[in-house]
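To start, the structure itself, in structure tokens.
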Amino acid sequence: MTPGRARLIIGTLVALALGPGRAGAQSTLLGPICGLRPALAVHGIIFGLTDTENALANISGGVKQGATLQGVTTATLQIDTGKAFGLPGGTFYVSALQIHGSSLSPGYLDDLQTASGTEASDATRLWELWFDQSFDHGTADLKIGQQSIDQEFIVSTNSALFVNTMAGWPLVPSADLYAGGPAYPLSALGVRLRLKPTKNLTLLAGTFDDNPPGGPFANDPQSLDAGGTKFNLTTGALTIVEADFSTRLAGYPGTYQLGFWVDTGAFPNQTGPSPAFRPYNDSLYGVIDQTLWHKHGSPRQLNFFARLMGAPPDRNLISFSANFGLTLTDPLPGRPNDTAGIDIGIGQISGDLINRERAQADFSQARPDQSAPIQGTETLIELTYQAQLTPWLQLQPDLQYIRNPGGGIANPAAPRQRLQNEWVVGVRTNLTF
């Protein structure tokens, strides 16, 4: 993206932000579309169309400085089979993605915690295709089909505010599973069971193909399944189990999650070249979303979130990841629908890999000033403000600081030096048609 185009886009968005905060009561840009939407809704048919665009720039450090514009348009179709076909309790769902533009992280940052959750290769592809049937008055339901598990598992409601990828789908599965796991922009065939034994407890369990494109571990995941219709079932199985418990702490609501996943595939050995792969993999995780304060008679409230994940260091690039922070709704006078927040993300390179790199450096007897950097921990700090300009348009300025990018990988322009710390600035728009 040229500097002139970036200035034009950002200038337009700023002009919108300085304009009126409301533009009618309709929740979508196109509204009822001459009565078509309510007519379809009577028969249980709901069509959705959203667009997210990210104008981001690396202004310091990293591989190089520059700006990109990248986004995704998502189309969804949901059918209530009870209203549409007289089959109560069923939901049919299909979604598709149109991904476009240039991602910032690969060419400019080379970091672990990539700058935007929409980053992916250009494509028009199927995303999800499933059928969900509820039982026992909604206390249980079973979903079968092509699923993107980041829509239900390891989800933090408050963390979802942020632009950085790892605020959505965490770093451990992104780096340690085949193709990053069945998560955006990928999905996998599988089955998911949800139980609600009590009002405050929800149990989730699912088994999915662990490798959506079906290629080797280190591969380009989208190129092997460009349209999202490969429906691979020839590799390992990924089983994930999660318990979600809702409660009140000091009078304020909170949700606490504990889960784990197990993958039957083979994973790269981080301790040495032989054997090249180790069988099976697993991870344990916890998620907290807790309200800390709520102003009486006002939408203003302060929320805390945290997600921690660990994985065995002998077969994973990332052995520990975490993100935690605060969000504040109604942060400014007259802006009850806005949200501001701070997110801190941590990615720890496997200790076994670090020890191997150190042993190799000692064996080669290389001088410290001539040896390649040894990896460690990458830290992210993100500040963001999501402004609800209209019910169907959000504008979100964003600032990210990445310390020790890639955990301390070498700078391709100076292989004996680490990548310098990075500053990323930009803006995201979310539009609902």
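The values are calculated or read from the model by the stated rules, or taken from the named source; none is laboratory data. Computed from a predicted structure; not experimentally measured. Backbone-built Cβ (ideal geometry, glycine too); neighbour counts: all protein chains shown. Heads up: the accessible areas ignore ligands, DNA and RNA and are worked out on the full protein's heavy atoms, side chains in. Shrake-Rupley method; radii C 1.70, N 1.55, O 1.52, S 1.80 Å.
Say each of residue 433 and residue 41 gets a label point 7 Å from the Cα, pointing the same way as Cα to Cβ; how far apart are those two points in nm?
So the label points at residue 433 and residue 41 sit 1.9 nm apart.
On average, how much accessible surface per residue is there in the stretch 291-433, in Å², for a 1.4 Å probe, leaving out ligands, DNA and RNA?
Details: 6570 Å² over 143 residues.
Per-residue value: 46 Å².
I need the Debye-formula profile for the stretch 170-315: one equal scatterer per C-alpha, no solvent, reported as log10 I(q)/I(0) at q = 0.12, 0.20 1/Å, two decimals.
Each listed q maps to, in turn, -0.62, -1.19.
Please report the relative contact order for the chain, taking Cα pairs under 8 Å with a sequence separation of at least 6, and give it as a percent rounded to a whole number. Let's see the in-between values first.
Values: 1134 pairs, mean separation 67.8, N = 433.
RCO, the chain: 16 percent.
Could you give the length gained by full extension between residue 414 and residue 98, i.e. 0.36 nm per residue of separation minus their alpha carbon distance, to one decimal place?
Details: separation 316, 0.36 × 316 = 113.76 nm, distance 3.70 nm.
Here the segment from residue 414 to residue 98 would lengthen by 110.1 nm.
Applying the Karplus parametrisation 6.51 cos²θ - 1.76 cosθ + 1.60 with θ = phi - 60° to the phi angles of the stretch 223-235, what ³J(HN,Hα) value in whole Hz is obtained for each residue in order, glycine and proline being reported as x?
In residue order, the calculated couplings are 5, 7, 8, 4, x, x, 10, 6, 6, 5, 9, 9, 10 Hz.
For the chain, give the percent of accessible area contributed by carbon and sulfur heavy atoms, probe 1.4 Å, rounded to a whole number.
Values: 12640 of 19840 Å².
About 64 percent, which is the carbon plus sulfur part of the accessible surface.
For the chain, how many pairs of lysine residues have a Cα-Cα distance under 23 Å, where the two are 8 or more positions apart or belong to different chains? Numbers along the way, then the final one.
Numbers: 83/143; 143/196; 143/199; 143/230.
Within the chain, the lysine pair count is 4.
Quick check: pseudo-label points 7 Å beyond the Cα along Cα→Cβ at residue 84 and residue 252, how many nm apart are they?
With each label point 7 Å from Cα toward Cβ, the separation is 4.1 nm.
Round to the nearest 0.05 the FRET efficiency obtained for residue 76 and residue 131 when R0 = 22 Å and r is the Cβ-Cβ distance. Before the final figure, lay out each step's value.
On the way: r = 15 Å, r/R0 = 0.67.
Computed FRET efficiency for residue 76 and residue 131 comes out at 0.90.
Antiparallel versus total DSSP beta bridges in the chain: what percent is that, nearest 5?
Details: 162 of 162 bridges.
Once the DSSP bridges in the chain are tallied, antiparallel ones form about 100 percent.
In Å², what does the accessible area per residue of the stretch 77-128 work out to with a 1.4 Å probe?
On the way: 2090 Å² over 52 residues.
Normalised by residue count, the accessible surface of the stretch 77-128 is 40 Å².
Once fully extended, how much extra length lies between residue 196 and residue 282, figured as 0.36 nm per residue of separation less the alpha-carbon to alpha-carbon distance?
Details: separation 86, 0.36 × 86 = 30.96 nm, distance 2.53 nm.
That pair, residue 196 and residue 282, stretches by 28.4 nm at full extension.
So between residue 425 and residue 342, what do we pick up on full extension, going 0.36 nm a residue minus the alpha carbon distance?
On the way: separation 83, 0.36 × 83 = 29.88 nm, distance 1.43 nm.
Separation in residues times 0.36 nm, less the Cα-Cα distance, equals 28.4 nm.
Please list, by residue number, everything in the stretch 253-285 whose backbone N is under 19 Å from a paramagnetic label point 7 Å out along Cα→Cβ of residue 359.
267-279
With a Cα-only, solvent-free Debye model of the chain, what are the log10 I(q)/I(0) values at q = 0.08, 0.10, 0.12 Å⁻¹?
Values returned for q = 0.08, 0.10, 0.12 Å⁻¹ are -0.49, -0.77, -1.14.
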